[in-house]
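Enquirer: The structure follows.
The values are calculated or read from the model by the stated rules, or taken from the named source; none is laboratory data. No experiment lies behind these values; they were computed from the predicted model shown. FYI the Cβ positions are ideal-geometry reconstructions off the backbone, even for glycines, and counts take in every protein chain you see. These accessible areas exclude ligands, DNA and RNA; they are computed on the full protein's heavy atoms, side chains included. Shrake-Rupley method; radii C 1.70, N 1.55, O 1.52, S 1.80 Å.
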Amino acid sequence: AQSVAQPEDQVNVAEGNPLTVKCTYSVSGNPYLFWYVQYPNRGLQFLLKYITGDNLVKGSYGFEAEFNKSQTSFHLKKPSALVSDSALYFCAVRSRSYSGAGSYQLTFGKGTKLSVIP
Amino acid sequence: DGGITQSPKYLFRKEGQNVTLSCEQNLNHDAMYWYRQDPGQGLRLIYYSQIVNDFQKGDIAEGYSVSREKKESFPLTVTSAQKNPTAFYLCASTEGLDRSYEQYFGPGTRLTVT
């Protein structure tokens, strides 16, 4: 079974400071990893994904994430936080290996609420 | 929210009534998904469909039903058998069956059952 852990329910950061939202995963074989953002009462928006290759992935709105296979982590980062970055962030994982129909399922973490303080 | 529409945005029903949530996409995507979101629990997969006229149960399918008669449409019915139906429901789609594809989400329907 695959799983995602987002150890922090909430992260507070001052505007202009760097931000990190943590994610660790468990999956059979190698993973596909994704980050999504959700604003209140809206659907999820795709930010970035790791498929293969460079461990540092760059995405939308200045976000990036670093894949660390040994630590099974995929932390989301941004060098300088904006108030408009305040939202709910979800990490998700899917196995690269096919193991039946369930392989197509994307497993999400419980989300981390990011608050950027002016 | 891409090319996925969900209607209505808010839905209110009395306990014991079935209700159908609409999901339409104009992205020509093969695969479609239904998730349920509850506060502090992330997203949980209800049903998914990889192709027209085929669908699979997700982790929490009990009390729900779906159909996939057209590629662009994947309606979800919340039946009276669903014990706790009040939640935010999200529909999503992906371009194909390659597991590297990201999912595109609709704006969601908030269902309240009293």
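Enquirer: Can you pull the accessible area of B:E69 for me, 1.4 Å probe, Å² to the nearest 10?
Expert: Only protein atoms counted, so the area is about 150 Å².
Enquirer: For the pairing of chain A with chain B, what total accessible surface becomes buried, with a 1.4 angstrom probe, in square angstrom to the nearest 100?
Expert: Numbers: alone 6540 and 6460 Å², together 10770 Å².
Summing both chains' loss of accessible area gives about 2200 Å².
Enquirer: Related question: Test of understanding: in a Gaussian network model of chain A with alpha carbons linked when under 10 Å, which of A:Y39, A:Y50, A:Y61 would top the mean-square fluctuation ranking?
Expert: The residue that fluctuates most here is A:Y61.
Enquirer: Looking only at B:Q50, B:Q41, B:Q82, which one moves most when chain B is put into a Gaussian network model with springs between Cα atoms under 10 Å?
Expert: In the Gaussian network model the winner is B:Q41.
Enquirer: Based on the alpha-carbon gyration tensor of the range B:43-83, what equivalent-ellipsoid semi-axes (square roots of 5 times the eigenvalues) come out, in whole Å, largest first? Please list the in-between numbers first.
Expert: Values: eigenvalues 68, 26, 11 Å².
Semi-axes, largest first: 18, 11, 7 Å.
Enquirer: Taking 40 Å² as the minimum loss, tell me which residues in the range B:51-96 lose that much accessible area going from the chain by itself to the full protein complex (1.4 Å probe).
Expert: none
Enquirer: Roughly what % of Cα-Cα distances in chain A sit above 25 Å, to the whole percent?
Expert: Numbers: 1324 of 6903 pairs.
Tail of P(r) above 25 Å: 19 percent of Cα pairs.
Enquirer: Give me the three principal axis extents of the protein assembly as shown from the C-alpha atoms, as integers in angstrom, largest value leading.
Expert: Result, largest extent first: 49, 41, 30 Å.
Enquirer: Equivalent ellipsoid semi-axes for the range A:10-58, as square roots of 5 times the alpha carbon gyration tensor eigenvalues: give them largest first, rounded to whole Å. Walk me through the numbers before you get to the answer.
Expert: Details: eigenvalues 107, 48, 27 Å².
Three semi-axes, in Å: 23, 16, 12.
Enquirer: Give the relative contact order (percent, whole number) for chain B; include only Cα pairs under 8 Å separated by 6+ residues.
Expert: On the way: 297 pairs, mean separation 41.5, N = 114.
Across chain B, relative contact order equals 36 percent.
Enquirer: Would you mind getting the accessible area per residue of the protein assembly as shown, heavy atoms of the protein chains only, 1.4 Å probe, in Å²?
Expert: Details: 10770 Å² over 232 residues.
Value returned for the protein assembly as shown: 46 Å² of accessible area per residue.
Enquirer: Let me ask something additional. I'd like to know which of B:Q103, B:T86, B:S73 lies farthest towards the positive end of the charge dipole of the range B:55-114, counting +1 on Cβ of Lys and Arg and -1 on Cβ of Asp and Glu.
Expert: Result: B:T86, furthest along the dipole toward the positive end.
Enquirer: Treat each spin label as a single point 7 Å out from the Cα along the C-beta direction, and report the B:F12 to B:T114 distance in nm.
Expert: Placing both labels 7 Å beyond Cα along the Cβ direction yields 0.5 nm.
Enquirer: What net charge do the residues around B:F74 carry, taking every other residue with its C-beta under 12 Å from that of B:F74, with Lys and Arg at +1 and Asp and Glu at -1? Working shown, then result.
Expert: Numbers: positive: B:R68, B:K70, B:K71; negative: B:E24, B:D30, B:D54, B:E69, B:E72.
Net local charge, B:F74 excluded: -2.
Enquirer: For the protein assembly as shown, give the percent of accessible area contributed by carbon and sulfur heavy atoms, probe 1.4 Å, rounded to a whole number.
Expert: Details: 5160 of 10770 Å².
It is 48 percent, rounded to a whole number.
Enquirer: Next up: Extent of chain B along each principal axis, from alpha carbon coordinates, in Å, largest to smallest?
Expert: In descending order, the Cα extents are 39, 25, 23 Å.
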